[in-house]
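Read the figures in this text as sums done on the coordinates, not as results from a lab. Because the structure is predicted, anything quoted here is derived from the model rather than measured. Note that each Cβ is placed from the backbone with ideal geometry, even for glycine, and that neighbours are counted across all protein chains shown.
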Amino acid sequence: MKLIDGQIGYAMLKFIAPIDKYSSSNTDEEQEQADTKFEQFFGIDFLNLIKNKVVIDFGCGMGNQSVEMAKNGASKVIGIDIQEHLLEHGRRKAKQLGLSERCVFKNSADELADIIVSKDAFEHFSDPAAILESMSTLLKPDGYVLTAFGPTWLHPYGGHLFSVFPWSHLIFTESSQIKWRADFKTDGATKFSEVAGGLNQLTISRFEQIVCSSPFSIKWIETVPIKGIAVLKCKLFREIGTSIVRCKLRLKASPKTNA
């Protein structure tokens with residue numbers, strides 16, 4: 001339950017989180033470093049998994065990860081995103097590195113993938129269920145999805161930009177937080193789901209429920225605890241103690257159920 005609303009909440013956020021601290025955005029170099037740490041998210045065997053595979057990078061953002069996968073052995077990488085300026089950034093990057101034929105950027109795919117990769121995206125999709133439906137149409141019959149995302153909503157910083165201190169996004173109402181954000185963002189967002197990139201308040205349990213009702217089943221799911229604290233991996237604490245959720249999804253109709 002939200003505890004602090006209205007003008008009081010707005011005033012407190014302005015005091016706690018001054019505008020100049022939050023108004024600057026990441027440089028391309030900082031974003032690139034964040035985008036290309038996929039072994040941290042998908043495991044040390046990730047580059048072997050994508051070798052000679054057609055990969056769709058779903059929610060590719062600036063495309064840095066897509067380019068890295070093409071550089072590291074994927075036969076083709078298709079970066080998909082809804083933001084054209086991000087796709088254009090990816091195209092420029094691929095062209096600079098001579099990878100334009102094997103690394104393309106589009107708002108939809110016209111080729112089936114061996115693997116769909118989605119990193120740091122599921123907590124931002126406005127309709128995760130619809131995204132899974134869409135993904136199911138983009139996979140070869142024996143293909144699969146590797147996704148990693150977080151922090152999720154009940155994590156101390158699950159509000160991302162809105163988490164100005166641990167769990168602050170759960171203490172202040174959405175309206176007071178949006179009003180505070182409007183002091184340094186001019187996109188006109190009136191709720192969490194409308195901010196750049198979106199924020200859908202996804203929890204781990206809700207994600208599992210969405211997958212259960214989708215064309216996919218969970219082959220495996222792993223929760224990576226904050227600072228490696230093992231007790232936070234247990235189901236009792238995982239919602240508040242998980243920094244990254246990673247999992248493998250298989251089509252329910254896939255003939256290879258033991259892969």
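Computed as a quarter of the hull surface, the mean projected area of the alpha carbon convex hull for the chain stands at 14.3 nm². Here Lys2 is the anchor, and the aspartates and glutamates within straight C-alpha reach of less than 16 Å, apart from those fewer than 8 places off in the same chain, are Glu174.
The distance between label points at His85 and Gln209 comes to 3.6 nm (points 7 Å beyond Cα on the Cα→Cβ vector).
Placing a label point 7 Å from the Cα of Ala189 along the Cα-to-Cβ direction, the residues of region 70-108 whose backbone N falls under 19 Å from that point are 81-87. Taking every lysine pair in region 75-184 that is 8 or more places apart or spans two chains, those with Cα atoms closer than 28 Å amount to 14.
Counting charges near Trp167 (Lys, Arg +1; Asp, Glu -1) among other residues having Cβ under 14 Å from its Cβ returns a value of 0. Under a 5 Å amide H cut-off, with hydrogens placed 1.01 Å from N, Val164 pairs with His169 among residues at least 5 apart or on other chains.
Estimated from helices alone, the mean residue ellipticity of the chain at 222 nm is -8500 deg cm²/dmol (sum of -39500 (n - 2.57) over DSSP H runs with n ≥ 4, per residue).
Annotation: extensible slack from Leu236 through Asp45 equals 65.8 nm (criterion: 0.36 nm per residue apart, minus Cα-Cα distance). For region 35-71, backbone nitrogen atoms closer than 18 Å to the point 7 Å from Lys106 Cα along Cα-to-C-beta are found at 53-61, 63, 66-67, 70.
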